[in-house]
Amino acid sequence: MDSAAVEIDGSVMEGGGQILRVSAALSCITGTAIKIAKIRAGRSSPGLRPQHLTGLQLVSDLCSGGLQGASIGSTDISLTPGKIRSGNHTADTTTAGSVCLLLQVALPCALFADGVSQLCLKGGTNAEMAPQIDYTLKVFKPIVEKFGVHFDCNIRMRGYYPKGGGEVAVTVNPVKELQPVTMTERGTIAKIYGRAFVAGVLPFKLAKDMSAAAVRTIRKEIKELYINIQPLQEKEKAYGNGNGIIVIAESSTGCLFAGSALGKKGVYADKIGIEAAEMLLRNIRHNGCVDEFLQDQLIIFMALAKGTSRIRTGTVTLHTRTAIHIAEQLTQFSKKWEETQTFLEGLQILCHGITLRFPEGVGECLM
């Protein structure tokens, strides 16, 4: 291993896949060799799982890199990146591992390729412990477009636990540089909408029950808005059986928030709808401009942008603190934290980003 490699402790803070994704992407973009040790050390099944391994292999493919030690169960890997390549790249977890997490690690890399990238990502489109593809397209995508990020995503097939079988085709346009973003004014909630779905042999009634339960729950707190949660039966473009719901709230200033849940064996559909609605309400109450699942996903774009980004949040999550911690190690950030606003006003993440060609760039993230 190159002595100049940055050593990353894979067990710190969040201690999971977040460290792998942010480390690998920033390694690829900055051209910095990395060595990650103690990967997922605190988990019940330590080391790389199929989704993590597939993500690392995808990044290595994108940057013509040298990836060592990467196998299922491995707790130590090294990545020596080369030049980021545009063109066609395929990644298949062969499980229900999340295609959205594959996109999280690949998208930042593809933005700095020498041309348009085509990503074929296979696995679970609606998976536990990961954003649903609907969240990625309806919440994440519109917000990262504010940075100047442009990608198209075609859902060829939806896939669910435990079989997976989903596939999305993503086209990523390269950028000259990312623009800073300011999101500090939440405004008022103007729209609430969503989708409740069933696929495979599951009865359509489950979708209607999830939708109705979510609407009832939201109505207890927000009475003045029309709530449009469409129940849907997925047939042709769905592999296997699955059900779930996502509910999205849009503010008058363009902020987006979501709550979601997936069906589980033995759990009533009403409970799934209530879970998603309560998650949405929790994310609205904090009066920030992003929800708890988006804030950590934006850190890498804030770090790479040209200029200062400001994003108002609710309570800063451990995932977000982890993303900032890794960004500090791989983009020469000086660590400095400030929590000056009251909880009721929310917290503000402030980041002085660095630009596309930045081997000597310096920035800092403040919160």
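The values are calculated or read from the model by the stated rules, or taken from the named source; none is laboratory data. Bear in mind that the values here come from a model prediction, so they are computed numbers and not experimental data. Because the Cβ atoms are built from the backbone with ideal geometry, glycine has one as well, and the counts that use them run over all protein chains shown. Just the protein is used for accessible areas: all its heavy atoms, side chains included, with ligands, DNA and RNA removed. Shrake-Rupley method; radii C 1.70, N 1.55, O 1.52, S 1.80 Å.
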Can you give the % of DSSP beta bridges in the chain that are antiparallel, to the nearest 5?
65 percent
Using the Cα atoms of region 17-64, I'd like the radius of gyration and the largest Cα-Cα distance, Dmax, both in angstrom.
10.9, 33
Heavy-atom accessible surface of region 122-174: percent carbon and sulfur, 1.4 Å
51 percent
Can you tell me which of 254-260, 309-315 comes out highest on packing, and rank the rest after it, using the mean Cβ neighbours within 10 Å?
254-260, 309-315
Given labels modelled 7 Å from the Cα in the Cβ direction, how far is it in nm from R156 to C120?
0.5 nm
Counting only DSSP loop positions in region 169-245, the GluC sites (Glu not before Pro) whose Cβ has at most 12 other Cβ atoms within 10 Å are E185, E221, E224, E236
Probe 1.4 Å, accessible area per residue of the chain, Å²:
42 Å²
S44 versus E128, label points 7 Å from Cα toward the beta carbon: distance in nm?
0.8 nm
What pairs in K83/K146; K205/K271; K163/K237; K163/K205; K141/K271 have C-alpha atoms more than 20 Å from each other?
K83/K146; K163/K205; K141/K271
Okay, which of region 234-274 sit inside 12 Å, backbone N to the point 7 Å along the Cα-Cβ direction of F204?
234-235
Please give the FRET efficiency for K264 paired with K163, using the beta carbon to beta carbon distance and R0 = 22 Å, rounded to the nearest 0.05.
0.90
